């Protein structure tokens, strides 16, 4: 009797494993599309952000920034304090079009693709990091690890995509597709920067990280961003995302 039961259990185990093996799992492409969907879910976003710059001696510098985004491909960021940074603004538009406004010179200049790796106003975020984008449009994902809590994707740039990163390793929550960590590697395949997103909450139906940090490992410098206030779907118009608005 025991042998019969053992054979039955073994048979059921093998059958179940075979069924699971035949079930199509989430592909790397679908996971990355999920990341794009959850991070760009609102029609528009309007955020007030407190920024803390931390140098290698743990000396801190505080700044305030407003950031607005419409859809997934339009973003404007502007410093409102301190006085030395007030008015410096960045505009990201479709097809890799970016502008920087420097109030000290009262000039707006377009950011060339070969300088996208330049840091934005002394932070650890480059213009490339700051742009509004869909990862799935520019990166080829590969699922390299999976557990109950996280999918780990390796992202390599698609052909003709201009980037200073040879690859990125992205950790994504399995329950909501929100990216919690992105490791950035330079052309020499050396890990140079790590972004960590924390305090991930659902607000007005949308997932958002209220606290995130970019660390420059070589420069031993960190930039922390803490969202003080956020408004979703407030009806931002295309007029907000123009060179003219950038200078206001």
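Structural remarks
- Given R0 = 35 Å, the distance between the Cβ atoms of residue 181 and residue 86 translates into a calculated FRET efficiency of 0.65.
- Between the range 38-92 and the range 129-198, the C-alpha centres lie 21 angstrom from each other.
- Degrees between helix 2-22 axis and first principal axis of the chain (Cα, 0 to 90, nearest 10): 30 degrees
- Rounded, prolate or oblate (a/c below 1.5 giving rounded, otherwise prolate when a/b exceeds b/c) for the range 48-144 by Cα gyration tensor: oblate
- Of 80, 144, 182, the sequence from fewest to most neighbouring Cβ atoms within 10 angstrom is 144, 80, 182.
- Here 224, 158 are placed in order of increasing Cβ neighbour count within 10 Å, fewest first, which gives 158, 224.
- Residues of the range 75-106 with amide N under 14 Å of a point placed 7 Å along Cα→Cβ from residue 64: 78-87
- Taking every Cα-Cα distance in the range 32-85 and sorting them into 10 Å bins starting at zero, the pair-distance distribution P(r) comes out as 21, 36, 28, 15, 0 percent.
- Per-q log10 I(q)/I(0), the chain, q = 0.12, 0.18 Å⁻¹ (Debye; single scatterer per alpha-carbon; no solvent): -0.73, -1.62
- Note on the range 65-105: along the principal axes its Cα atoms extend 31, 19, 7 Å, ordered by decreasing extent.
- For the range 141-235, diffusion coefficient by Stokes-Einstein and Kirkwood Rh (Cα), 20 °C, 1.002 mPa s, µm²/s: 144 µm²/s
- Once the Cα atoms are used to define both axes, helix 28-39 deviates from the longest principal axis of the chain by about 40 degrees.
- Principal axis dimensions, the range 84-204 - Cα atoms, whole angstrom, descending: 52, 37, 25
- Average silhouette area of the range 102-160, convex hull of alpha-carbon atoms, in square nanometres: 6.1 nm²
- Counting other Cβ atoms within 10 Å as a rough exposure proxy, the listed residues 36, 233, 124 run 233, 36, 124 from fewest neighbours to most.
- As a calculated quantity, the FRET efficiency between residue 201 and residue 166 at R0 = 51 Å, using C-beta atoms, amounts to about 0.95.
We did not get these values from a lab; they are worked out from the coordinates using the rules stated. For clarity, every value in this text was computed on a predicted model and none was experimentally measured. Using ideal geometry, Cβ is built from the backbone for each residue, glycine included, and neighbour counts are taken over all protein chains shown.
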